[in-house]
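Below: one structure, written as structure tokens.
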Amino acid sequence: MTAQDITLPVPAKSGGKPLMDALSERKSGRLFAEKELSLQQLSDLLWAAWGINRPEDGHRTAPSSHNRQEMDVYVTLKTGLYLYDAGGNLLRQVHNRDIRGLTGTQDFPATAPVNLVYVSDMTRRDIKEGQEIKDSDMLSSWANTGFMAENVYLYCASEGLSCVIRAMVPRDKLGPEMGLKPTQVIILAQTVGYPQ
């Protein structure tokens, strides 16, 4: 852990709205207040997305095809770019630049408090550096991202937060700013915050 890493509080794994209520209230929103989420909310949000819910074997809150767990969740905040470390329950700082605006082509990601970037590390799916990545190689990662994003939607509905999943991501600009390797593929981004 470095001084810039953020240790997250233990995620609250009980409470919230009943599932059927959260499903009834699930929606996309694109107007966000600039108010920041608390560390507890961030911890709960990330645990819902891709946390470890079965510590005895490291399984996650979202399915992972063949348990490859190739997905990573990057978090863009005003204070920089972080990689969610579910096992350590912390955010590992990648750098301290505010790149929220690069996570989407719309205006709102630049000022919303949190943007999640779902990245597939294809080396965990046996793709080697320099090997062509085909659409058929990506099928599981696309599905896994959908599961994770829906978990975030349900958490946000339960907690009165707003979110929206986004495919309009300038991957050619964002990937280099994140320091991604050619085997790390940006799938989607998701903006989270208080509704405006």
Cα-based Debye curve of region 39-107 sampled at q = 0.17 Å⁻¹ gives log₁₀ I(q)/I(0) of -0.68
Percent of all alpha-carbon pairs of region 37-153 at distances over 25 Å, whole number, is 25 percent
Return the FRET efficiency for the residue pair D57, R124: r is the Cβ-Cβ distance, R0 is 22 Å, and the value is rounded to the nearest 0.05.
-> 0.85
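At 20 °C and a viscosity of 1.002 mPa s, what translational diffusion coefficient does Stokes-Einstein give for region 93-193, taking Rh as the Kirkwood radius over Cα pairs? Give it in µm²/s as a whole number. Could the numbers behind the result be given before it?
Numbers: Rh = 14.5 Å.
Answer, rounded: 148 µm²/s.
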Accessible-area order for L91, L102, L23, largest to smallest, probe 1.4 angstrom, reads L23, L102, L91
K13 neighbourhood, Cβ < 14 Å, K/R = +1, D/E = -1, net charge 0
Checked the chain with the C-alpha gyration tensor, a ≥ b ≥ c its square-rooted eigenvalues, rounded below a/c of 1.5, otherwise prolate if a/b is larger than b/c and oblate if not; verdict rounded
Which net charge results when you count Lys and Arg as +1 and Asp and Glu as -1 among the other residues whose beta-carbon is under 10 Å from that of L77?
-> 0
At a probe radius of 1.4 Å, what is the per-residue accessible area of L139, in Å² to the nearest 10?
-> 100 Å²
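If you roll a 1.4 angstrom probe over the protein chains with everything in place, what fraction of the accessible area of the chain belongs to carbon and sulfur, to the nearest %? Please report the intermediate quantities before stating the final value.
Details: 5020 of 9530 Å².
Exposed carbon and sulfur together represent 53 percent of the surface.
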Among residues other than Y118 whose Cβ falls under 15 Å from its Cβ, what is the net charge (Lys/Arg +1, Asp/Glu -1)?
-> +2
10 Å Cβ shell holding at most 14 others, DSSP loop, GluC sites (Glu not before Pro): longest site-free stretch of the chain | 57-128
Accessible area per residue, 1.4 Å probe, Å², for the chain: what's the number?
-> 49 Å²
Which residue, G101, G16, G88, has the most motion in a Gaussian network model of the chain that connects Cα atoms within less than 10 Å?
-> G88
Can you give the longest stretch of the chain with no exposed loop site, where a site means trypsin sites (Lys or Arg not before Pro) in a DSSP loop (not H, G, I, E or B) with at most 13 other C-beta atoms within 10 Å?
-> 135-196
Solvent exposure, largest accessible area first (probe 1.4 Å, DNA, RNA and ligands not counted), of I187, I133 | I133, I187
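The values are calculated or read from the model by the stated rules, or taken from the named source; none is laboratory data. As the structure is a computational prediction, the values presented were derived from the model and not from experiment. Ideal geometry is used to build each Cβ from the backbone, glycine not excepted, and the neighbour counts take in all protein chains shown. Heads up: the accessible areas ignore ligands, DNA and RNA and are worked out on the full protein's heavy atoms, side chains in. Shrake-Rupley method; radii C 1.70, N 1.55, O 1.52, S 1.80 Å.
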